[in-house]
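Here you go, one structure.
The values are calculated or read from the model by the stated rules, or taken from the named source; none is laboratory data. Keep in mind it's a predicted model, so treat the numbers as computed, not measured. With ideal geometry, Cβ positions are generated from the backbone for all residues, glycine too; neighbour counts draw on all protein chains shown.
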Amino acid sequence: MSLILDDFLITGRIFEEYVAFFDLDVTAMKNMRVLDCPSGASSFIAEAKARGIKAQGCDILYCYDRDALRVQGEMSIEKIYADTSWMADNNFEFYHSIENHRQYRTSALELFCSDYNTADYWFAELPKLPFRNDSFDLVLSSHLLFVYDDRLDEAFHEASIIEMLRVGQEVRIFPLVDYKNSRMNEKENLSSLVYKIAKKFGGEIVKVDFEFQSGAEYMLRIKQKHLD
Ligand SMILES: C[S@@+](CC[C@H](N)C(=O)[O-])C[C@H]1O[C@@H](n2cnc3c(N)ncnc32)[C@H](O)[C@@H]1O
């Protein structure tokens, strides 16, 4: 594999952010089998397990060991917050301040590192996943599909969603803006690919109680039963 760690900015979100992105009912999730895909340096798995959820995660970066990921994660945080002008138009209702936003990233990295190396972190390169059919009740996918449509084409999106629906009964994806809108922070609509995919897979576009990027307060929910 030709993955060069230095080329990646490693970031992760915390459990509370996932709850908001995906409108999660945490009480109902006890004992649920949940896949975080991709999980990056997110602390969702560690925090979910502490709440009785059977969480696992996968990422292309998990061919690296904890120390390498920690170093790259710390460098990524330094780089991201060296210039925060890109956040000028964001909505801080959830985070309250840039300092707090940074603190969430730092906490996520710390918790991720303390939990990594357990059996719950799998190397995977979408659109292939190393799990049997129906291994999970729920698959959560944040900040990969749609937002990187500048480099991930439609075929990749479709193949990845088919694969997630193979391993999980339900897939939730957030956010639904495309690369340009996620960068320009325009009050624009969702990626046109979202509508196409939602129609193809019988997915439902759901408004959630989280809007950091303007117009990005939607997630896509697709249930396995809608597949032909
Ligand atoms: C922006 S991070 C999001 C991580 C996490 N879901 C979150 O919201 O904090 C995107 C992640 O996608 C992973 N990734 C990119 N391409 C991938 C692929 N083909 N298969 C698996 N993971 C991939 C990257 O390594 C990175 O960790």
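For N185, which of the numbered conditions (1) surrounded by fewer than 22 Cβ atoms within 10 Å (Cβ to Cβ); (2) at pLDDT 95 or above; (3) not aromatic (F, W, Y) fails to hold?
(2)
Do we have L9 as surrounded by fewer than 22 Cβ atoms within 10 Å (Cβ to Cβ) and hydrophobic (A, V, I, L, M, F, W, C) here? If you could, list the steps in order and put the result at the bottom.
Numbers: surrounded by fewer than 22 Cβ atoms within 10 Å (Cβ to Cβ): yes; hydrophobic (A, V, I, L, M, F, W, C): yes.
In short, yes.
Moving on. Which numbered condition in (1) within 14 Å of the ligand (Cβ to nearest atom); (2) in a loop (DSSP other than H, G, I, E, B) is the only one that D134 fails?
(1)
Here is a follow-up. Under 7 Å between Cβ atoms, at least 6 apart or on separate chains: pull out the pairs that start in segment 140-157 with a residue that is closer than 23 Å to A20 by Cβ and end on any residue that is within 8 Å of the ligand (Cβ to nearest atom) and basic (K, R).
From segment 140-157, the pairs are S142/R13.
Give the residue, chosen from A68, A55, that is over 11 Å from the mean Cα position of the chain (by Cα), of a type outside the set (D, E, K, R) and surrounded by fewer than 16 Cβ atoms within 10 Å (Cβ to Cβ).
Checking each option against the conditions leaves just A68.
Additional query: If you go through segment 118-129 one residue at a time, do you hit one that is part of a helix (DSSP H, G or I), in contact with a strand residue (DSSP E or B) (Cβ under 7 Å, 6 or more places away or on another chain) and within 21 Å of G203 (Cβ to Cβ)? Explain how you work it out, then say what you get.
First, pick out the residues of segment 118-129 that are part of a helix (DSSP H, G or I): none.
No, because not a single residue in segment 118-129 is part of a helix (DSSP H, G or I), in contact with a strand residue (DSSP E or B) (Cβ under 7 Å, 6 or more places away or on another chain) and within 21 Å of G203 (Cβ to Cβ).
Something else: Do you know which residues across segment 190-214 are surrounded by 18 or more Cβ atoms within 10 Å (Cβ to Cβ) and within 15 Å of I173 (Cα to Cα)? Write out each step before concluding.
Filtering segment 190-214 for residues surrounded by 18 or more Cβ atoms within 10 Å (Cβ to Cβ) gives 190-191, 193-194, 197-198, 201, 203, 208, 210, 212-213.
Of everything in segment 190-214, those that are surrounded by 18 or more Cβ atoms within 10 Å (Cβ to Cβ) and within 15 Å of I173 (Cα to Cα) turn out to be L190, S191, L193, V194, I197, A198, F201, G203, V208, F210.
Would you mention how many residues in segment 134-172 are out of contact with any helix residue (DSSP H, G or I) (no Cβ under 8 Å at 6 or more places or on another chain) and surrounded by 20 or more Cβ atoms within 10 Å (Cβ to Cβ)?
Here the count works out to 3.
Could you list, in sequence order, all residues of segment 33-64 that are more than 7 Å from the ligand (Cβ to nearest atom), in contact (Cβ under 8 Å) with a residue 40 or more places away in the chain and in a strand (DSSP E or B)?
Within segment 33-64, R33, V34, L35, A55, Q56, G57 qualify.
Hey, another quick one. Answer yes if at least one residue in segment 38-47 is modelled with pLDDT of 95 or more, among the β-branched types (V, I, T), surrounded by fewer than 18 Cβ atoms within 10 Å (Cβ to Cβ) and under 18 Å from the mean Cα position of the chain (by Cα), and no otherwise.
Within segment 38-47 (the criterion being modelled with pLDDT of 95 or more, among the β-branched types (V, I, T), surrounded by fewer than 18 Cβ atoms within 10 Å (Cβ to Cβ) and under 18 Å from the mean Cα position of the chain (by Cα)), the answer is no, since none of the residues qualifies.
Looking at N100, N91 in this structure, which one is under 23 Å from A20 (Cα atoms), in a loop (DSSP other than H, G, I, E, B) and more than 11 Å from the ligand (Cβ to nearest atom)?
Details: N100 fails: in a loop (DSSP other than H, G, I, E, B).
Selected residue: N91, the only one of N100, N91 that is under 23 Å from A20 (Cα atoms), in a loop (DSSP other than H, G, I, E, B) and more than 11 Å from the ligand (Cβ to nearest atom).
Anything in segment 93-107 that is touching a residue at least 40 places away in the same chain (Cβ under 8 Å) and of a type in the set (S, T, N, Q)? List them, or say none. Give the derivation first.
At the first step, the residues of segment 93-107 found to be touching a residue at least 40 places away in the same chain (Cβ under 8 Å) are 93-95, 104-105, 107.
The one that is touching a residue at least 40 places away in the same chain (Cβ under 8 Å) and of a type in the set (S, T, N, Q): S107.
Look through segment 137-159, keep the residues that are under 17 Å from F44 (Cβ atoms) and not in a strand (DSSP E or B), and return whichever of them is farthest from the chain's Cα centre (by Cα).
Within segment 137-159, the subset under 17 Å from F44 (Cβ atoms) is 137-145.
Checking which are not in a strand (DSSP E or B) leaves us with 143-145.
Numbers: H143: 4, L144: 6, L145: 9 Å.
Taking the candidates together, the pick is L145.
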